[in-house]
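What follows is one structure encoded as structure tokens, with my remarks underneath.
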Amino acid sequence: MIDFDLGEGLTALRDRVRAFVDSEVIPREPEYAGAPDLADRIRRELQAQAKRAGLFLPTCSKELGGLGLSWREIAVVLEEAGRSLLGPQALNCSAPDEGNLHLLAQIASETQRRRYLVPLAAGEVRSSFAMTEPMPGAGADPSLLLTRAERRGSAWVLDGEKWFTTGLAGAAFVIVLARAPEGPTMFIVEKGNPGLRPIRATIPTLDHLTPGGHGHFELSGCEVGDDGVLGEPGKGFEYAQLRLVPARLTHCMRWLGVAVRSMEIATRYAAERTSFGHLLAEHQMVQSFVADSQIDIEAGRLLIWKAAWKLDRGEQPRHESSMAKVFVAEAVNRVVDRAVQICGALGISEDTPLSSFYSEARPFRIYDGPSEVHRASIARRIFRRLERR
């Protein structure tokens, strides 16, 4: 059974992360929101502070300079870090780097570990992950993958087009999924490779505070040596699942922190604001909003913890991570929306981070698999279990 007692050590770590986010990270939010082009500088400064505070790299092993936490412990830490959109960046546990760190730690060669994993873990560089393609290529359905990789002499040559590649601008390297003769294969393409040509450095999107934005590029005669093949040729889809299952879960952990912070802001406002002769906190409709949001947060946390518990047991919780992804993505949107509504005009202003949370959280229902795709997968697994009885 899952033990819900955090224990002294994890409780102390949680409180330290919360104090760090409150004192060091949240004060930088206005600066960051007003000038996203300063994102990399702010990230580096906050990461230096996180290292001094002993809070850096919670999702990686001590060998890589991380905290060496279990997945259950990571869930607690990332929720606290997620109370600010800058928090995960400060601790070096934000997407897509966090997912790439996990993938590289699992399958990278020793040379690749030194060249890519070590500097990424240290926060010296950023990275990107390219799977999604313009129509009719891969999106929620990865089997539509069109980007090709062919052997030519001693090199691999990649040709294709990728878009909505998060963090592309400024990334030191991109992990690219392409279809090779052996099957789907992952390649590491370094910045500056002449065969990687930007089409749009950043696609204008609803969310706009992700470092590096969401890029659009083509691969044209892009040469990569055998040392650029990540893992074994033909196992790209297998590796994608190895990356995506925990990455979906860490997304949930971080965004749950956004929901928590949103309700902190809204409940504080409701406890102080008078309307129609009563505090907002005394109006039943506001009480209903607060209660429903608390239920959403608690239910989401339990789904996350169960999936994390299974990861700690060495299992691959695809079913549980899908359920967590669907529920938490939709719950966070509901919670932020209620918080905006409680705060009224203040909620849609930039005097609080709620308006940023609102626009940044909406894409969560799409990336790492739209809710509808996960629901279909959940249902198929349930029916397969029924057939086996």
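The values are calculated or read from the model by the stated rules, or taken from the named source; none is laboratory data. Remember, predicted model here, so these are calculated numbers, not experimental data. Neighbour counts run over all protein chains shown; Cβ positions are idealised from the backbone, glycine included.
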Determine whether residue 69 is under 22 Å from residue 248 (Cβ atoms), among the hydrophobic types (A, V, I, L, M, F, W, C), assigned to a loop (DSSP other than H, G, I, E, B) and assigned by TED's automatic domain parsing to the domain that holds residue 49.
-> yes
Quick check: anything in the range 359-382 touching a residue at least 40 places away in the same chain (Cβ under 8 Å), farther than 24 Å from residue 246 by Cβ and surrounded by 11 or more Cβ atoms within 10 Å (Cβ to Cβ)?
-> yes
Scanning the range 140-156 for residues that are of a type outside the set (D, E, K, R) and surrounded by fewer than 18 Cβ atoms within 10 Å (Cβ to Cβ) gives 140, 143, 144, 146, 153, 154, 155
Does the range 26-41 contain any residue that is at pLDDT 95 or above and of a type in the set (Gly, Ala, Ser)?
-> no
Quick one: would you say residue 229 is out of contact with any Leu (no Cβ under 8 Å at 6 or more places or on another chain) and within 23 Å of residue 105 (Cα to Cα)?
-> yes
Test: residue in the range 345-364 that is under 17 Å from residue 257 (Cβ atoms) and assigned to a loop (DSSP other than H, G, I, E, B) = yes
Would you check if there is a residue in the range 147-159 being under 24 Å from the mean Cα position of the chain (by Cα), over 18 Å from residue 174 (Cα atoms) and part of a loop (DSSP other than H, G, I, E, B)?
-> no
Is there a residue being more than 27 Å from residue 301 (Cα to Cα), outside the structural domain of residue 171 (by TED's automatic domain parsing), under 21 Å from the mean Cα position of the chain (by Cα) and not aliphatic (A, V, I, L, M) anywhere in the range 94-102?
-> no
